[in-house]
1. Do we find a residue being within 17 Å of ARG13 (Cα to Cα) and among the small types (Gly, Ala, Ser) anywhere in segment 133-150?
2. In segment 1-91, which strands (runs of 3 or more DSSP E) lie fully inside it and hold 2 or more residues that are out of contact with any His (no Cβ under 7 Å at 6 or more places or on another chain), within 15 Å of TYR127 (Cβ to Cβ) and not basic (Lys, Arg)?
3. Looking only at segment 110-127, how many residues end up being crowded, with 19+ Cβ neighbours inside 10 Å and not in a helix (DSSP H, G or I)?
4. Considering only segment 1-42, state which residues are under 19 Å from ALA104 (Cβ atoms) and hydrophobic (A, V, I, L, M, F, W, C).
5. All but one of (1) without any contact (Cβ under 8 Å) to a residue 12 or more places away in the chain; (2) in a loop (DSSP other than H, G, I, E, B) hold for PRO131; which doesn't?
6. If THR2 satisfies all but one of (1) modelled with pLDDT under 95; (2) touching a Phe, Trp or Tyr at 6+ places or on another chain (Cβ under 9 Å); (3) among the hydroxyl-bearing types (Ser, Thr, Tyr), what's the number of the condition it fails?
7. From the list VAL161, VAL167, VAL136, VAL125, which residue is touching a helix residue (DSSP H, G or I) at 6+ places or on another chain (Cβ under 7 Å) and of a type in the set (A, V, I, L, M, F, W, C)?
Amino acid sequence: MTRALHTERLILRRPNGSDAAATTAFYQTERAQYVGGNVPEFRAFSNFCAILGHWEVRGYGLWAVTTKASDDIIGLVGPYYPNGWPETEIGWLMFDGAEGQGYAAEAAKAAISDAYKTLGWTNIVHYIAHPNTRSVALAQRLGAQLDPNATMPKPEDPCFVYRQPPVSAGATQ
């Protein structure tokens, strides 16, 4: 049986081929500009394949977020640590129509807790593009603090680095 995370309203499951159309469509929109999107279809599909590949190589990755009422993907939230990334990250992206309902926060809290407990992570950051004020607000809502001295994954493309407090300091669990 495949492992999944359950919250009050959501199921976080491993992404699969049935998520390709919605994820590829998202990556082709301006909404995706801060997460490597707003790109042609072939690149959007490559982004989706990279998400699946992260799971294959690492054994974890961004969870497909669905509501308990439907298995249709509404976003991706979870642990992300590709080769060359300076630190372990919990990232998020919500598809059109899923913002403003608290889904990202609910899913991120579950993913943070799981990363600490199941993956044994002791350090979690959120890399956020400078103009992405909604993601900054979510990181702060999750208890993360801006770390201006943190190493950025792409120094040529500066971003905010928000750091979750360590588990012993009362991190979201």
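The values are calculated or read from the model by the stated rules, or taken from the named source; none is laboratory data. Keep in mind it's a predicted model, so treat the numbers as computed, not measured. Please note: Cβ atoms are built from the backbone with ideal geometry, for glycine as well, and neighbour counts cover all protein chains shown.
1. For segment 133-150, residues within 17 Å of ARG13 (Cα to Cα) and among the small types (Gly, Ala, Ser): absent.
2. 73-80
3. Going through segment 110-127 one residue at a time, the tally reaches 5.
4. ALA4, LEU5, LEU10, ILE11, LEU12, ALA22, ALA25, PHE26, ALA32, VAL35
5. PRO131 satisfies all of (1) without any contact (Cβ under 8 Å) to a residue 12 or more places away in the chain; (2) in a loop (DSSP other than H, G, I, E, B) except (1).
6. Only one criterion is unmet by THR2, namely (2).
7. Result of the check over VAL161, VAL167, VAL136, VAL125: VAL167.
Every residue, every condition in (1) modelled with pLDDT of 95 or more; (2) farther than 24 Å from THR24 by Cα, yes or no:
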{"residue": "GLU106", "(1), (2)": "yes, no"}
{"residue": "ASP114", "(1), (2)": "yes, yes"}
{"residue": "ASN123", "(1), (2)": "yes, yes"}
{"residue": "SER135", "(1), (2)": "yes, no"}
{"residue": "LYS154", "(1), (2)": "no, no"}
{"residue": "GLN164", "(1), (2)": "yes, yes"}
{"residue": "GLY170", "(1), (2)": "no, yes"}
